[in-house]
């Protein structure tokens, strides 16, 4: 029987970097489950003076911040009043200039459709030292909790991550649908639910079958996770009928069908 280990910051069996005053950590919070936070992300939250967090960061994750840390909401949600990216980036600069340890907490991974690069560039221009702490992106973690492997021998050897929602609220105009359709067996669309009918139509026009398996993941990795199993031809109508709660993730390809045997997390 293994004895419990004290995992307070002072008792970890490894050395983690100092979180220096006047610096900013850009941290990925993962897809939702607080247990998926990385050790380095947790370490940063234990030392931050203020945590600037996104809409997709849940309460259980925020509870890991050290007592006394200021929590500043800076969420952006499509179709709703949201903080402007320029204002958020400048907030990080101003808080760091006060000599505070600033932790910018973003859902998933900061560099996967997370606009973390924009914040880093703004910090660099202002002369603020920063560190990037990767997180588990939803395109990997959410699929695992749904029982869908991103890649698996015999089904696919490639996966493509696509944003289904631009800053202006539309599907990106620069997608080569023919290349996308033929180039990767597994397609994972972030933020694509509002435009699912358009996405499905474009993929079928480019050669994907209307019978191809599709899984739509709602609130993945959280206790109320739900997964809609459908096909490319029916997915838009099925989603409209079920009205799954945001955030959602859309998986297109044979791997989506594997969850029938591999589902392990959410209740039937």
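The values are calculated or read from the model by the stated rules, or taken from the named source; none is laboratory data. Please read these numbers as outputs of a predicted model, since none were measured by experiment. Methodologically, a virtual Cβ is constructed for each residue, glycine included, from the backbone with ideal geometry; neighbour enumeration extends over all protein chains shown.
Scanning region 182-194 for residues that are over 17 Å from the mean Cα position of the chain (by Cα) and crowded, with 21+ Cβ neighbours inside 10 Å gives a single hit, 186. The set of residues from region 133-181 being within 14 Å of the chain's Cα centre (by Cα), farther than 18 Å from residue 207 by Cβ and not in a loop (DSSP other than H, G, I, E, B) comprises 133, 138, 139, 140, 141, 142, 143, 144, 145, 161, 163.
This table checks each residue for (1) more than 21 Å from residue 65 (Cβ to Cβ); (2) in contact with a strand residue (DSSP E or B) (Cβ under 7 Å, 6 or more places away or on another chain); (3) buried (at least 22 other Cβ atoms within 10 Å of the Cβ); (4) in contact (Cβ under 8 Å) with a residue 12 or more places away in the chain.
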site	(1), (2), (3), (4)
91	no, yes, no, yes
96	no, yes, yes, yes
105	no, yes, yes, yes
110	no, yes, yes, yes
115	yes, no, no, yes
120	yes, yes, no, yes
128	no, yes, no, yes
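Against the list (1) loosely packed, with under 15 Cβ neighbours inside 10 Å; (2) at pLDDT below 95, the condition residue 209 fails is (2).
Of all residues in region 141-163, those satisfying the criterion of being closer than 25 Å to residue 115 by Cα and touching a residue at least 12 places away in the same chain (Cβ under 8 Å) are 141, 142, 143, 145, 150, 158, 159, 160, 161, 162, 163. A single entry from 83, 96, 41, 117 fulfils the requirement of being assigned to a loop (DSSP other than H, G, I, E, B) and either under 19 Å from the mean Cα position of the chain (by Cα) or not assigned by TED's automatic domain parsing to the domain that holds residue 191 (or both): 83. Within region 218-235, is even one residue touching a residue at least 24 places away in the same chain (Cβ under 8 Å), out of contact with any strand residue (DSSP E or B) (no Cβ under 7 Å at 6 or more places or on another chain), assigned to a helix (DSSP H, G or I) and surrounded by 16 or more Cβ atoms within 10 Å (Cβ to Cβ)? The answer is no, given that none of the residues of region 218-235 is touching a residue at least 24 places away in the same chain (Cβ under 8 Å), out of contact with any strand residue (DSSP E or B) (no Cβ under 7 Å at 6 or more places or on another chain), assigned to a helix (DSSP H, G or I) and surrounded by 16 or more Cβ atoms within 10 Å (Cβ to Cβ).
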